[in-house]
Amino acid sequence: MSLNSNKILSCLKNKKGDKMDAKEQIEKFRELIETTYLTKLHELANIGVSHLIMDFNDVAIFDHELAEELLENPDELLKAAEVSIEDLDLPEKRFIIRIANLPKSQNLKIRNIRSPHLNKLYSFDGIVRQSSDVRPQVTSARFECPSCGNVLSILQIDTKFKEPYRCTCGRKGRFRMLDKILVDAQRLVIEEAPEDLEGGEQPKRISVFLKEDLVEPKMEKKTTPGSKIRVIGVVREIPVPLKTGVVSTRYDLSVDANYIEPIEQTFEEFELTKEEEENIKALAKKDDIYGMFTRSIAPSVYGHDDVKEALVLQLMGGIKKTKPDGTIIRGDFHVLLVGDPGSAKSTLLLFMSKASPKSRYISGKGASAAGLTASVVKDEFLKGWALEAGALVLANGGFCYLDELDKMTEEETSALHEALEQQIVSISKANIQATLKAQTTVLAAANPKLGRFDPYKPVAEQINLPPALINRFDLIFPIRDVPNKELDEKIAGHVLNYQQAVNIKEVEIDIGLIKKYVSYAKQKIYPKLSDGAVEEIKNFYVSLRNSGGSGKEGQKPIPISARQLEALVRLSEASARVRLSDKVTKQDAKRAIRVLKYCLMQVGIDPETGQIDIDRISTGISSTQRSRIVVIKEIITELSNQKGKLIAIEDVITYAAEKGINEAQVEEVLDRLKREAEIFEPKRGSISKL
C-alpha cells in the first residue's frame with residue numbers, strides 16, 4: 001500500500017456503530033473493481049480520463065451491505081473506493097468515483113429535504129435555472145513552519161480558507177504557504193420541474209456545486225439553463241454569516257454533486273399502463289372525437305367552439321422537421337386571443353395550463369423581457385455572472401400561457417420575436433454569450449386598444465400590439481361580447497346551472513385523460529402528409545392568392561402568405577394526431593383550412609374591398625391604404641416640383657379627387673405621413689416635404 005494510501009486510510013475514522021471499518025471498505029471496493037471495472041479503468045487511463053462512473057446496481061449486487069453504507073456515509077465510502085484504485089497498477093493513480101443509477105427510493109424532491117437527509121447520498125430531478133461561471137477553488141494547501149521547516153498539509157473542506165494554528169514544534173502564528181491544489185468549480189441553481197408540481201405550488205430551488213470533471217466543456221453543455229437534469233449528490237448544510245460577523249443558528253442547504261445525468265425534456269414523464277393505452281386507442285376510434293375534445297375544453301365557458309377546436313389542435317401540435325442542411329421547421333403553432341373584457345379568455349388560458357402535460361402561466365404586468373427569455377444575474381457564492389433561464393426557456397418542449405399581453409411594454413414584447421419564430425433565446429450580456437432552446441408553444445390573450453372592440457373599425461386596427469409580433473402568431477381569434485337576447489339567455493342559463501350544480505356537470509374527457517392523450521400522441525404519433533392533403537392545401541393557397549384583386553400589378557391585396565401555408569400544414573398534422581393517425585388525410589386539410597379561414601375572415605378582411613388581405617395583420621396597413629399612400633406621395637412630389645416647397649392641402653385634395661381618393665382618405669394619409677416624419681405643416685393649411 002502506498003504512503004499516500006496509508007495517510008488517507010488513517011483519515012477514514014471508523015465511526016461508532018459502523019458495520020465495517022475503513023480497511024474492510026477498501027478491500028471490498030478493490031475486489032468489486034477488479035471483477036467488474038478493471039478493463040474499463042485501463043481504457044480510461046489510456047485516454048487520459050480520470051473519473052470512473054460506477055453503477056449503483058453493480059455495488060448492490062456485489063455486496064448489499066456496502067451499497068447501504070454508500071448511501072448512509074457517501075464521503076467515507078467514496079474516499080475508500082478512490083484509495084482502492086490507487087493501489088492498482090494503473091498509469092493514472094487518482095480516479096474520481098461517480099455513482100450513477102441510484103434506486104428510486106433515493107430520489108428526493110427538493111421541497112422534501114430535511115435535516116435527517118444531511119450528508120447522505122440522494123438524487124434530485126429539476127430544471128437548471130441558473131449556471132455561474134466556472135471558477136477555481138482550493139481543495140488542499142501546504143504550509144511550511146519558519147522555525148523547524150516542517151511541512152503541514154491542510155484540507156480545505158469549508159467555504160473559509162484554513163491556515164494551520166500551530167506546528168508540532170510548538171510554534172504558533174503565521175506559516176508560509178508553499179503551494180495549493182486548485183480544482184474548477186461551478187454553481188447551478190436547480191428548480192423543481194413544473195410537471196412535478198400539484199395545482200398552484202411554488203417550485204422550490206436548491207444550489208448545486210460541481211467540481212473537477214463535472215465542469216468540463218462537454219458536461220457544461222448539458223447544464224445550460226432550461227436543461228432538465230438528475231443530480232446525484234450529498235446534501236450539505238452551509239453556514240450563514242450574519243452582519244455582526246458571527247454565524248447564524250440557521251443554515252442554508254446545498255447539494256455537493258457527485259454525478260449529473262441529463263433527462264430528455266419530452267412528454268415521456270407520463271408512463272402509461274397498457275390499460276390506459278388501450279382506453280386512449282379506443283377513444284381515438286370514436287366518430288365524434290373532435291366534438292368530444294372541443295366540449296371538454298373549459299366546460300364552464302359557453303360557446304367559442306371554433307376557438308376551443310383550435311386550442312385542441314394546438315395541444316396536439318404539428319411535427320418538428322429537421323432538414324439535411326440543418327434548417328428546422330417548427331411544429332408548434334402559436335395562438336392569440338384578442339377579446340372584450342369578461343369574454344372568458346383567462347378562464348380558457350388557465351384551463352389549458354392545467355390540461356397541458358408541461359406548462360408555465362404568466363400574466364402581463366408580472367412579466368419582464370428577462371423573466372420571459374433569460375437574464376444575467378450576479379452570483380453570490382462564486383462571485384461572477386450567472387445565466388438565469390426565463391419562462392419560455394423553462395417551458396421548452398411544453399406550453400407557455402401569456403395573459404394580458406397588451407399590458408406589457410414594447411421593449412418586453414420585443415423579446416418574444418426570436419423565441420416565437422426561431423424557437424431560441426440568444427443572450428449576449430456581461431461576459432456571457434449563449435443560445436438557449438425555447439421550443440415552446442405560446443397561447444396569448446390580450447384586450448383591444450380601447451379596452452373593448454369598436455364595432456365600426458376593423459379588428460386588425462384595434463389590436464394594440466406591434467405588427468411584427470402579431471405576424472408571429474399562426475392563428476388570431478377576436479372574441480367579441482355583443483348583446484344578443486337569444487345568445488345571452490343561453491350563456492346566462494349555462495353559467496347559472498354550472499354555479500347551481502358544481503359537482504353534477506360531467507365532462508366527456510376529464511383533464512387527467514386529456515394530459516395522457518396529448519402525451520401519448522406527442523410520443524408515438526408522427527403523421528405524414530398524404531397526396532390528397534397536399535393537393536387540397538395547394539389548391540386553397542393558389543386560388544386564394546390569385547382571387548380578385550384590383551389596382552396595379554404588385555398592389556393587389558395579398559390574401560395569404562407562405563407563413564400561413566406552413567400554419568396549414570401544422571394544423572393538418574395536429575388534426576391527424578387527434579385521431580392518432582399516421583396519415584394526414586384530405587379531411588384533416590379541410591379542417592385546417594376551415595380554422596385558418598375563420599381567423600382570416602375575422603381579422604384579415606379589408607373593409608374597403610371586402611377581400612382577405614394579410615397585410616392588415618402583418619404590417620398594419622392594407623394594400624388599398626398602401627396604394628393610396630403611394631398615389632398621394634406622388635401628388636406631393638409633383639406639386640413641390642411645380643409650386644415650390646410650400647404646398648396647399650387643398651391642392652392635394654383636388655388632385656387626389658381626380659384619382660378617386662376622397663378628402664377623409666387624404667387627411668388620413670397626410671396624418672400618417674406626418675407621424676412618420678415624411679412631411680410637416682409649417683403653417684396651417686400648408687404642408688412641406690422633409
Identify all residues within the range 566-581 that are closer than 23 Å to K515 by Cα and part of a helix (DSSP H, G or I); write none if there are none.
-> R570, L571, S572, E573, A574, S575, A576, R577, V578
Within the range 131-155, can you find the residues that are surrounded by 15 or more Cβ atoms within 10 Å (Cβ to Cβ), in contact with an Asp or Glu (Cβ under 6 Å, 6 or more places away or on another chain) and β-branched (V, I, T)?
-> V134
Candidate set: the range 527-565, residues that are modelled with pLDDT of 85 or more and part of a loop (DSSP other than H, G, I, E, B); chosen: the one surrounded by the most Cβ atoms within 10 Å (Cβ to Cβ) = P527
Residue pairs qualifying under the 9 Å Cβ cut-off, at least six apart or on distinct chains, with the first in the range 222-236 being aromatic (F, W, Y) and the second being assigned to a strand (DSSP E or B), are none
Taking the condition assigned to a loop (DSSP other than H, G, I, E, B), at pLDDT 80 or above and in contact with a helix residue (DSSP H, G or I) (Cβ under 9 Å, 6 or more places away or on another chain), does K286 pass?
-> yes
Please go through the range 243-269 and pick out each residue that is of a type outside the set (V, I, T), modelled with pLDDT of 75 or more and within 22 Å of A374 (Cβ to Cβ).
-> P262
How many residues does the range 173-187 hold that are assigned to a loop (DSSP other than H, G, I, E, B) and under 30 Å from G397 (Cβ atoms)?
-> 0
Can we say I190 is in a strand (DSSP E or B), surrounded by fewer than 16 Cβ atoms within 10 Å (Cβ to Cβ) and modelled with pLDDT of 75 or more?
-> no
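Residues are listed down the side, and each one gets a yes or a no for (1) surrounded by 16 or more Cβ atoms within 10 Å (Cβ to Cβ); (2) assigned to a loop (DSSP other than H, G, I, E, B); (3) in contact with a strand residue (DSSP E or B) (Cβ under 7 Å, 6 or more places away or on another chain):
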residue	(1), (2), (3)
K645	no, yes, yes
A656	yes, no, no
I661	yes, yes, no
A664	no, no, no
Would you check if there is a residue in the range 332-343 being part of a helix (DSSP H, G or I), in contact with a helix residue (DSSP H, G or I) (Cβ under 6 Å, 6 or more places away or on another chain) and at pLDDT 80 or above?
-> no
Can you tell me which residue within the range 666-682, out of those that are assigned to a loop (DSSP other than H, G, I, E, B) and touching a residue at least 12 places away in the same chain (Cβ under 8 Å), is surrounded by the most Cβ atoms within 10 Å (Cβ to Cβ)?
-> E678
Residue set L336, L387; condition crowded, with 19+ Cβ neighbours inside 10 Å and within 18 Å of I476 (Cβ to Cβ); output residue L336
Has the range 582-604 got any residue that is part of a loop (DSSP other than H, G, I, E, B), at pLDDT 80 or above and under 30 Å from V534 (Cβ atoms)?
-> yes
Here are some residues: V231, V208, V240. Which one is modelled with pLDDT under 75 and part of a strand (DSSP E or B)?
-> V240
Search result, residues across the range 6-43 that are modelled with pLDDT under 50 and either under 16 Å from I97 (Cα atoms) or surrounded by 16 or more Cβ atoms within 10 Å (Cβ to Cβ) (or both) | I8, L9, L12
Out of all the residues in the range 290-327, which are part of a loop (DSSP other than H, G, I, E, B), over 22 Å from the mean Cα position of the chain (by Cα), buried (at least 19 other Cβ atoms within 10 Å of the Cβ) and at pLDDT 80 or above?
-> I297
Restricting attention to the range 113-129, does a residue exist that is farther than 19 Å from I33 by Cβ, surrounded by fewer than 19 Cβ atoms within 10 Å (Cβ to Cβ), touching a residue at least 24 places away in the same chain (Cβ under 8 Å) and aliphatic (A, V, I, L, M)?
-> yes
Conditions (1) surrounded by fewer than 19 Cβ atoms within 10 Å (Cβ to Cβ); (2) modelled with pLDDT of 80 or more; (3) not assigned by TED's automatic domain parsing to the domain that holds E216: number failed by F56 | (1)
What are the residue pairs meeting all of these: first residue in the range 66-80, first residue in contact (Cβ under 8 Å) with a residue 40 or more places away in the chain, second residue crowded, with 21+ Cβ neighbours inside 10 Å and β-branched (V, I, T), Cβ atoms under 7 Å, and 6 or more apart or on different chains?
-> L66/V59; L70/V59; L78/I97; A80/I26
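Residue-wise test of (1) more than 30 Å from P203 (Cα to Cα); (2) in a strand (DSSP E or B).
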position: Y122; (1), (2): no, yes
position: G126; (1), (2): no, yes
position: R129; (1), (2): no, yes
position: R142; (1), (2): yes, yes
position: S147; (1), (2): yes, no
position: S153; (1), (2): yes, yes
position: F161; (1), (2): yes, no
position: P164; (1), (2): yes, no
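The values are calculated or read from the model by the stated rules, or taken from the named source; none is laboratory data. Computed from a prediction, not measured in an experiment: that's the story for all the values here. When we count neighbours, we look across all protein chains shown, and the Cβ atoms used for this are built from the backbone with ideal geometry, even at glycine.
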